[in-house]
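FYI, it's all coordinate maths here, none of it is from the lab. Just so we're clear, the structure is a prediction, and the values are computed from it rather than from any experiment. Please note: Cβ atoms are built from the backbone with ideal geometry, for glycine as well, and neighbour counts cover all protein chains shown.
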Amino acid sequence: MNVQERPGNISPGIPECDCHQPALYQYIKKGIMALSLEYTNQISDSGRQMLIGLHLGNGYGSQPGAWRMPGVDPKSYVSFDSRVKQAQAAERGKFQFLFLPDGPGAIMADIATESPNFNLDVMMTLAAVARETAYIGLVATGSTTFNEPFNLARQFKALDIMSHGRAGWNAVTSSGDDVAANYGVRIPSSQDRYGRAHETIELVQALWGSWGKDAWIHDQQTGLFARKDQIIPINLQGKFVGSRGPLYIPPSEQGQPIIFHAGGSPNAHELAGRFANAVIGSSFTIDDARAQRNAFREAAKRYGRNPDEIKYIPGLMTTIAKDRRTALNRRIQLTEHLFPQRIAYLQQMLGISLGDKHIDEPLSKTDLSVARPSRYDPRSSYALKIAKEGWSLRDILAHGVIDYHPVIVGPGVEAANHMQTWFEAEAADGFWISPDVYADGIDAFVDEVVPVLQERGLFHRDYAGKTLRNHLGVPDQYGIDPRVSNGQNTRHNLTWHS
């Protein structure tokens with residue numbers, strides 16, 4: 001199946017230039033919005049180095065019981081000060097970026113006993129963090145399904161200006177009837193969701209570039225604030241979205257925000273391959289991670305891009321302690337209230353009955369002999385491996401075999417070993433880290449894992465620049481990338497109006 005035939009590949013293009021084209025297009029051809037292929041952060045002589053981001057969610061941590069742990073402020077959910085402190089801890093560890101997920105309206109937690117999974121407002125949170133940090137990148141999710149392009153363009157470019165070039169937009173589609181109900185609408189089909197996403201991202205990038213790179217003069221002596229002829233309406237209209245423009249915000253130190261994407265479907269491969277410089281990944285096995293990374297790189301090549309321009313960054317959940325037993329006890333304290341339902345799921349994963357098993361005993365030889373990992377769940381093979389090591393049922397669950405990402409439960413060197421293995425196998429370009437409890441888990445990672453990676457030459461010792469584009473080592477871009485908007489690899493087009 002070629003690119004034109006791919007379902008969901010609904011992508012705008014740019015017509016060939018002639019004297020009747022709008023002025024904005026002339027600026028694209030002149031290079032004001034063109035892509036520079038000069039990398040902003042060259043690879044060091046010692047070879048590739050990995051990227052590290054911090055998942056910063058509800059203020060407590062990645063585990064449901066984090067809000068009840070000793071030393072945790074139970075009001076962190078509504079505290080910008082807590083987020084700032086957590087971001088500063090990550091910056092101390094030289095993390096390249098913070099990642100704030102967002103869900104448009106769905107609670108997605110048992111609110112009686114657990115905090116919601118998301119921040120109160122990702123943009124307000126990152127605005128607070130921007131004022132109190134100097135280097136770390138600021139990446140937030142923004143739905144293309146429930147937001148208008150002009151609002152997305154304005155919010156993320158304003159954050160980029162405020163942070164001096166550290167903003168990133170994790171552009172994703174939204175699904176789920178519970179989410180749609182908050183907006184009084186129905187969820188569109190997958191094809192329409194991704195069609196709107198393609199149009200929205202390109203429209204946002206056009207708006208970002210509508211204020212010319214050299215347009216802002218602000219000369220007090222001459223009284224010239226800006227070159228009006230370089231601030232140009234875009235006048236774009238697609239099947240799903242449109243905008244006149246221009247956006248009244250000049251470029252930041254990195255030009256414009258970096259595009260991220262989260263997903264693993266063929267539609268996600270095409271969207272990220274066309275627009276993204278980084279992918280927030282979700283892979284439980286090294287083989288799946290390698291396959292996902294290759295799929296995104298191949299998609300980038302189909303759009304005429306260098307595959308090294310797109311970084312695949314899977315998740316890693318951590319409980320760092322002095323030894324495995326201490327870490328397991330901490331995980332038990334965090335998640336024990338969920339064990340009954342997790343036992344029920346574990347027996348489905350392994351194809352055996354665990355209903356009458358004592359939770360503090362290991363699985364019997366008979367159980368292990370008949371257990372079979374589910375071919376539908378990549379976590380099941382790891383669960384069986386842990387069970388065969390002789391751990392109790394309680395400890396098997398404490399190893400995080402039901403979590404959505406690989407889990408490291410133990411000393412920092414074990415996390416470093418996992419990261420090195422995946423990185424050197426070209427299954428990842430870096431990792432986004434989800435500590436179990438933010439209050440001390442971020443510092444534990446910074447103090448126990450980062451130095452090991454640095455000593456091995458796998459992670460930088462300091463920031464080489466001040467922008468997110470510098471940190472990721474991706475090409476300069478301002479406005480639309482003409483390579484992915486030439487109409488040759490697309491089916492649906494945004495239309496330029498004079």
**Item:** Calculated FRET efficiency for the pair Thr421/Asn117, C-beta based, R₀ 22 Å, to 0.05
**Value:** 0.15
**Prompt:** Between Tyr183 and Thr285, what length in nm is gained on full extension when 0.36 nm per residue of separation is reduced by their alpha carbon distance?
**Reply:** 33.1 nm
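Restricting to the stretch 195-332, compute how many DSSP beta bridges are antiparallel as a %, nearest 5. Intermediate results must be reported in sequence, preceding the final value.
On the way: 6 of 13 bridges.
Approximately 45 percent, going by the DSSP bridge assignments.
Note down the magnitude of the dipole of the stretch 324-399 about its Cα centre, charges +1 on Lys and Arg C-beta and -1 on Asp and Glu C-beta and zero elsewhere, to the nearest 20 debye. Working shown, then result.
Working: 13 positive and 8 negative charges, 63 e Å.
Dipole of the stretch 324-399, to the nearest 20 debye: 300 debye.
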**Request:** Please give the residues of the stretch 245-259, grouped as numeric ranges, whose backbone N is less than 16 Å from a label point set 7 Å along the Cα-to-Cβ vector of Asp214.
**Result:** 251
**Asked** What per residue convex hull volume, in Å³, comes out for the stretch 258-385 when only alpha-carbon positions are used?
**Response** 147
**Item:** Label point distance in nm, Val370-Tyr248, each placed 7 Å from Cα along Cα→Cβ
**Value:** 7.2
**Item:** Amide hydrogen neighbours beyond the local backbone of Asp102, cut-off 5 Å, H modeled
**Value:** Thr141
**Size of electric dipole in the chain: Cβ of Lys, Arg +1 and of Asp, Glu -1, about Cα centre, debye, nearest 20** = 560
**Message:** Based only on other Cβ atoms within 10 Å, what is the fewest-to-most ordering of His261, His55, His337?
**Reply:** His337, His55, His261
**Item:** 12 Å beta-carbon shell around Pro373, net charge (K/R +1, D/E -1)
**Value:** +4
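Could you work out the helix-only [θ] at 222 nm for the chain, with each DSSP H run of four or more residues adding -39,500 (n - 2.57) and the total divided by the number of residues, to the nearest 500 deg cm²/dmol? Display every interim value, and only then the final one.
Numbers: 17 runs with 178 residues, N = 498.
Taken over the chain, the calculation gives -10500 deg cm²/dmol.
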**Residue-wise HN-Hα coupling along the stretch 261-270, computed from phi with Karplus coefficients 6.51, -1.76, 1.60 (Hz; x: Gly, Pro)** = 8, 10, x, x, 7, x, 4, 5, 4, 5
**Cα principal axis extents for the stretch 324-399, largest first, Å** = 30, 24, 22
**Request:** Search the structure for amide H atoms under 5 Å from the amide H of Gly61, placed 1.01 Å from N in the peptide plane, and list their residues when 5 or more places away or on another chain.
**Result:** Tyr438
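At a Förster distance of 30 Å, what's the computed FRET efficiency of Arg92 paired with Phe146, Cβ-Cβ distance as r, to 0.05? Numbers along the way, then the final one.
Numbers: r = 35 Å, r/R0 = 1.18.
Step by step, r from the Cβ atoms, then E = 0.25.
In a shell of Cβ-Cβ distance under 12 Å around Ala215, excluding Ala215 itself, what net charge do Lys and Arg (+1) and Asp and Glu (-1) give?
Values: positive: Lys213, Arg227, Lys228; negative: Asp214, Asp229.
Net charge in that neighbourhood comes out at +1.
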**Asked** With labels modelled as points extended 7 Å from the Cα through the Cβ direction, what inter-label distance (nm, one decimal) is found for Glu455 paired with Thr495?
**Response** 6.4
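As a test, work out the antiparallel percent of DSSP beta bridges whose residues both lie in the chain, rounded to the nearest 5. Show your work: numbers first, answer last.
On the way: 13 of 48 bridges.
Around 25 percent of the beta bridges assigned by DSSP in the chain are antiparallel ones.
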**Long-range HN-HN contacts of Phe431 with modeled amide H, under 5 Å** = Leu51, Ile52, Gly53
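Using the 10 angstrom Cβ neighbour count as an exposure proxy, how do Ser115, Ser369 rank, fewest first?
Values: Ser115 22, Ser369 9.
Ordered from fewest to most neighbouring Cβ atoms within 10 Å, Ser115, Ser369 come out as Ser369, Ser115.
Counting only other residues whose beta carbon sits under 12 Å from that of Pro307, what net charge do I get with K and R as +1, D and E as -1?
On the way: positive: Arg293, Arg297, Lys301, Arg302, Arg305, Lys311; negative: Glu298, Asp308, Glu309, Glu426, Asp429.
Its environment carries a net charge of +1.
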**Message:** I need Glu114, Glu148, Glu361, Glu202 ordered by Cβ neighbour count within 10 Å, fewest first.
**Reply:** Glu361, Glu148, Glu114, Glu202
**Message:** Expected output is a single nm value to one decimal: the length gained when fully extending between Met124 and Ile161, i.e. 0.36 nm times separation in residues minus the C-alpha distance. What is it?
**Reply:** 11.9 nm
